[in-house]
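Chemist: One structure, as structure tokens, below. Some questions next.
Values quoted throughout were computed directly from the atomic coordinates according to the rules given, and no laboratory measurement underlies them. Remember, it's a predicted structure, so these values are computed and weren't measured experimentally. Backbone-built Cβ (ideal geometry, glycine too); neighbour counts: all protein chains shown.
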């Protein structure tokens, strides 16, 4: 191969890389890393249904154990 063909091949590779860059950067870029980390965190979450008695009891117990302060009664 002579050097003009090598230059044309290199230009073709650069053209394909430039055309595919948005898709490639979406897979390997910083935004993609943040998106994957967010999906990983969200996968660990679970929805608590209102019928879950353990959850309701836990919240009630926590609310009952919170310290409260008595407001002074005003003289009326």
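Chemist: Quick one: would you say residue 2 is exposed (fewer than 10 other Cβ atoms within 10 Å of the Cβ) and without any contact (Cβ under 8 Å) to a residue 40 or more places away in the chain?
Modeler: When the stated conditions are applied, residue 2 passes them.
Chemist: Continuing with the same structure: Is it fair to say residue 61 is surrounded by fewer than 10 Cβ atoms within 10 Å (Cβ to Cβ) and part of a loop (DSSP other than H, G, I, E, B)?
Modeler: no
Chemist: Can you confirm whether the stretch 40-47 contains a residue that is over 15 Å from the mean Cα position of the chain (by Cα) and at negative phi? Talk me through it step by step, then tell me what you get.
Modeler: Step one: filter the stretch 40-47 for residues over 15 Å from the mean Cα position of the chain (by Cα), giving 47.
In the following step, the residues that additionally are at negative phi were identified as 47.
Looking through the stretch 40-47, at least one residue is over 15 Å from the mean Cα position of the chain (by Cα) and at negative phi.
Chemist: Just give me the residues in the stretch 24-51 being outside any helix (DSSP H, G or I) and either exposed (fewer than 10 other Cβ atoms within 10 Å of the Cβ) or in contact with a helix residue (DSSP H, G or I) (Cβ under 9 Å, 6 or more places away or on another chain) (or both), in sequence order.
Modeler: Matches in the stretch 24-51: 44, 45, 46, 47, 48, 49, 50, 51.
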